[in-house]
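Q: Here it is, the structure, as structure tokens.
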Amino acid sequence: MIALWYGILAFMLTTYIVLDGRNFGVGILHWIVARNQDERRQVIAAIGPLWSWHEVWLVGTGGVMVMAFPRLMSASFSGCYLALMLILWCLLLRGISIEVGGHLSDRLWQEFWDAVFSNVLLAVLFAAALGNVGRGVPLNTEGTFYLPFFTNFGIRGNVGLLDWYTVPVALFGVLTLTAHGATYLTMKTVGPVHDRSVKLARGLWLAVIPAFVIITVLTWFVRPELLAGIAVRPVTWATMLIGIAGTYAVVNGFRYQREYQALLGSTFVLFGILMTGAAALFPVVLFSTTDPNLRLTAADCAAPDYSLGIAAAWWFPALILAVCYLVIIQRHYSGKVNVSKDNQGLY
Amino acid sequence: MENTFTDPALWHRIHFGFTITYHYLFPQLTMGLAWFMVYWKWRALRTGDEKYNRAARFWARIFGLNFAVGVVTGIPMEFQFGTNWAAFSKYSGAIIGQTLAMEGMFAFFLESAFIGAFIWGERRLGPRTHFLTAVAVATGSWLSGFFILVTNAFMQHPVGYALAPNGTLELVDVGAFLLNPWALVQYAHNQCAALVTGSFVISALGAFYALRGRHSEQASVYLKTGTLVGLVASLLVAFPTGDSQAKMVGAYQPATLASMEGLFHGERLADVSMIGQPNVSQQRLENPIGLPGALSFLAYGTFQSYVRGLDEFPKDEGPDNIELVYYAFHLMITLGTIFILVMAWANWKRWRGRLESSTALLWVLMLAFPFPYIATSLGWMTAEMGRQPWLIHGLFRTNNGYSQVVSSGDTIFTLIGFVGLYFVLGLLFLYLTGREIYKGPDGAHGAPGHQEVPV
């Protein structure tokens, strides 16, 4: 039951990052692929109608985390207090910028909100947070910790959120999500925005390959347990296969201009990387940088079986419902963005 | 126990109190407006009368702005369970996590999938599907309210739990937890109050247009629907839902009831005070004017019922801020009574066929819309401060619930951040809503055949 809920939690967080990650990526690329107001409206409209549906995955992840692993939620959320608050503020500004940017047809107003929208911090913070999960946090004997933004940039002992390992991970995250976002834009846009996105996406994906190798090597130095976990745990082979299939789809998609296939591939690549990481981590949920014995496992943090059982009984139907909503609604948003007929003036 | 400025618990409480009070200004209108729009869409389908579609379309735009602010201010609420109230989450996560997760999975997915289609998709979807998206959004918003109220009800009156061997709470009866009697009563009370907010806002805008002599057809729709629902909802808020809520407090939180009424000494024939200022150090209500026996009757059913006073409870087991609980409760009751009177007046005028021509009434309706917001905020202050010093009533103290690792310096820093961001957000919301109101329902937006220049 604990492994099931660990899997669900990893799945939900991964889904959130895959879905909203492309919005982060689009935000970062916004000013590069779109050079004038009309083009920028097109970009915003590409992510407009469903951003809150994506953000709900984060809310759902938070809810599932406190339900299934209360101790993990309480330790990690309070331990990363400032970073999480910064994420909340960025999410708030991001949501508002999408919603209000199109409300006035005024150049200054739109430029201002477009600038607010292009926020690189979200990708940095989420990726750095994942880097911290891999590296570990300074857990004490009570199973809590407190992480400032930075200390001495070392990876052992009294670490901060940013160090020589998590900063490269954050950069890797920014790079990958930007590539993901660019791939999404190739599918949704037309004209010059589309052409620029194609060019960028190709370049970015090429850059992801060496970056991925570097991060893997760094991880091997920092947390050899993770790579050892991959070797012995068959489920990671399946998730790696998803990643490899995704890579193939991305390459193929760009070669034959099958934009939908490229996006699907890029989704699978991210999904594969994140789920492999999560599966390799299990059964640990938080490593300790101060004393290896202080680490927290999923079993240490889990709610009692009755709670988990009840929740499993309603979670799966709820997921099916959620997917149904998406299927119903996606038909209306599929295909290229058409700013003029898409809506009643907004976005 | 003493709440001084060096006490981290105080800052965590202010942090949560500020962000939740601000947040709830928006969902109450979301929940209050949602069924109005469903009703108008339904009327439009049935009668083919375009004015109902125009009404739904116009309010959908205000709804959309309101919804967006509700979403972005709502996400910090869930996070704060972990960031600011880590010890509480660890203690009770296995229980309250159920409803928090359900809210995301059942309510938010539904709401957020269809909100875009509802607000911007009318032309693409056709009238029937568009009507269904309105129903989906309304259902989602009311479901979300239910799950949050169940969560709160567990903190007010814990049921369905047991103490686990590791010292945390575990769920033993999910049915009892979800159908907590406190939750059902509180949900009914809260949703009626949301409808009061919705109907006052709609009536106020109708009155505004009527007074200015603009959009008179729309003004009439808003005034008619708004005042009728307003009267029904205002009555339901008081009776039976508010009444049952008070009885619930009397049964399970007697010290809170005593604080709400400023009853320092227990007695039979206990008064409901109409006027009076609690003097906590002297243990008495000053300048009291009350209805004799009314409290005994309201709380326990007979005038002779004995109501326990504050002197019968240990000091650390009752509210630590008696004055605020007392005033919050009394102001809420006063406002609630005024709402009934205003809406009764409006419906009398309507019956006489003079709803849209009575200038005095229109002015009152126009200016009344902020007060339901104040009343709901006061109601929640009564519930939440009345629950003190407990985070989970009788089980877990507020002072044990906050995150030990987060310093007051951090909490104050992020509190300042939230105050600043929310101030700007408020200005933005008022400006954009004001703009919609100024443009009005008969303006450029989305009238059939009209194409606004895409921007």
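The values are calculated or read from the model by the stated rules, or taken from the named source; none is laboratory data. Fair warning: this is a prediction, and the values are worked out from it, not measured in the lab. So basically every Cβ, Gly included, is an ideal-geometry build from the backbone, and we count neighbours across all protein chains shown. Accessible surface is based on the protein model in full, side chains and every heavy atom, while ligands, DNA and RNA are left aside. Shrake-Rupley method; radii C 1.70, N 1.55, O 1.52, S 1.80 Å.
Q: With respect to B:E261, determine if the residue is among the acidic types (D, E) and in contact with a Leu (Cβ under 6 Å, 6 or more places away or on another chain).
A: Considered against the rule, which asks whether it is among the acidic types (D, E) and in contact with a Leu (Cβ under 6 Å, 6 or more places away or on another chain), B:E261 comes out as yes.
Q: Could you check how many residues of region A:59-84 are at the interface with chain B (Cβ under 7 Å from one of its Cβ atoms), within 18 Å of the chain's Cα centre (by Cα) and surrounded by fewer than 24 Cβ atoms within 10 Å (Cβ to Cβ)?
A: 1
Q: So A:N36 clears everything in (1) in contact with a Pro (Cβ under 9 Å, 6 or more places away or on another chain); (2) free of Cβ contacts under 8 Å to residues at least 24 places away in the same chain except one condition, right? Which one?
A: (1)
Q: Which fully enclosed helices (runs of 4 or more DSSP H) of region B:284-381 have 2 or more residues being of a type outside the set (A, V, I, L, M, F, W, C) and open to solvent by less than 30 Å² (accessible area, probe 1.4 Å)?
A: Of the helices (runs of 4 or more DSSP H) lying wholly inside region B:284-381, those with at least 2 residues that are of a type outside the set (A, V, I, L, M, F, W, C) and open to solvent by less than 30 Å² (accessible area, probe 1.4 Å) span B:322-351.
Q: For region B:63-113, which residues satisfy the criterion of being open to solvent by 10 Å² or more (accessible area, probe 1.4 Å), more than 7 Å from chain A (Cβ to nearest Cβ), out of contact with any Gly (no Cβ under 7 Å at 6 or more places or on another chain) and farther than 28 Å from B:V201 by Cβ?
A: Within region B:63-113, B:Y91 is the sole residue that qualifies.
Q: Looking at (1) without any contact (Cβ under 8 Å) to a residue 12 or more places away in the chain; (2) charged (D, E, K, R); (3) in contact with a Leu (Cβ under 8 Å, 6 or more places away or on another chain), which is the one condition that is false for B:R352?
A: The number of the failed condition is (3).
Q: Can you tell me how many residues within region A:85-103 are facing another protein chain (nearest Cβ under 7 Å) and among the aliphatic types (A, V, I, L, M)?
A: 6
Q: Return yes when A:I209 is open to solvent by 20 Å² or more (accessible area, probe 1.4 Å), of a type in the set (V, I, T), touching a residue at least 40 places away in the same chain (Cβ under 8 Å) and assigned to a helix (DSSP H, G or I) and no when it is not.
A: No.
Q: Can you find even one residue in region A:161-174 that is farther than 20 Å from A:G25 by Cα, buried (at least 17 other Cβ atoms within 10 Å of the Cβ), within 14 Å of chain B (Cβ to nearest Cβ) and more than 16 Å from the chain's Cα centre (by Cα)?
A: Yes, some residue in region A:161-174 is farther than 20 Å from A:G25 by Cα, buried (at least 17 other Cβ atoms within 10 Å of the Cβ), within 14 Å of chain B (Cβ to nearest Cβ) and more than 16 Å from the chain's Cα centre (by Cα).
Q: Here's a follow-up. Could you tell me how many of the residues in region B:114-142 are touching a Leu at 6+ places or on another chain (Cβ under 7 Å), facing another protein chain (nearest Cβ under 7 Å) and either outside any helix (DSSP H, G or I) or of a type in the set (G, A, S) (or both)?
A: Selection size over region B:114-142: 2.
Q: Hey, among B:G198, B:G145, B:G167, which residue is assigned to a loop (DSSP other than H, G, I, E, B) and of a type outside the set (S, T, N, Q)?
A: Unique residue meeting the criteria: B:G167.
Q: Would you list the helices (runs of 4 or more DSSP H) that sit entirely within region A:35-135 and hold 2 or more residues that are within 27 Å of B:Y402 (Cβ to Cβ)?
A: Qualifying helices (runs of 4 or more DSSP H): A:51-68, A:70-79, A:81-101, A:121-135.
Q: Does B:T30 count as more than 8 Å from chain A (Cβ to nearest Cβ) and modelled with pLDDT of 95 or more?
A: Here the answer is yes, as B:T30 does meet what is asked.
Q: Here is a follow-up. Taking region B:175-189, which residues are in a helix (DSSP H, G or I) and surrounded by fewer than 19 Cβ atoms within 10 Å (Cβ to Cβ)?
A: Matches in region B:175-189: B:G175, B:A176, B:P181, B:L184, B:A188.
Q: If you don't mind, another one. Can you find, within region B:394-423, the residue that is surrounded by the most Cβ atoms within 10 Å (Cβ to Cβ) among those that are hydrophobic (A, V, I, L, M, F, W, C) and more than 9 Å from chain A (Cβ to nearest Cβ)?
A: Of everything passing the filter in region B:394-423, B:L415 is surrounded by the most Cβ atoms within 10 Å (Cβ to Cβ).
Q: Need the failing condition index for B:F369 against (1) touching a residue at least 60 places away in the same chain (Cβ under 8 Å); (2) under 30 Å from B:F5 (Cα atoms), just the number.
A: With (1) touching a residue at least 60 places away in the same chain (Cβ under 8 Å); (2) under 30 Å from B:F5 (Cα atoms) applied to B:F369, the lone miss is (2).
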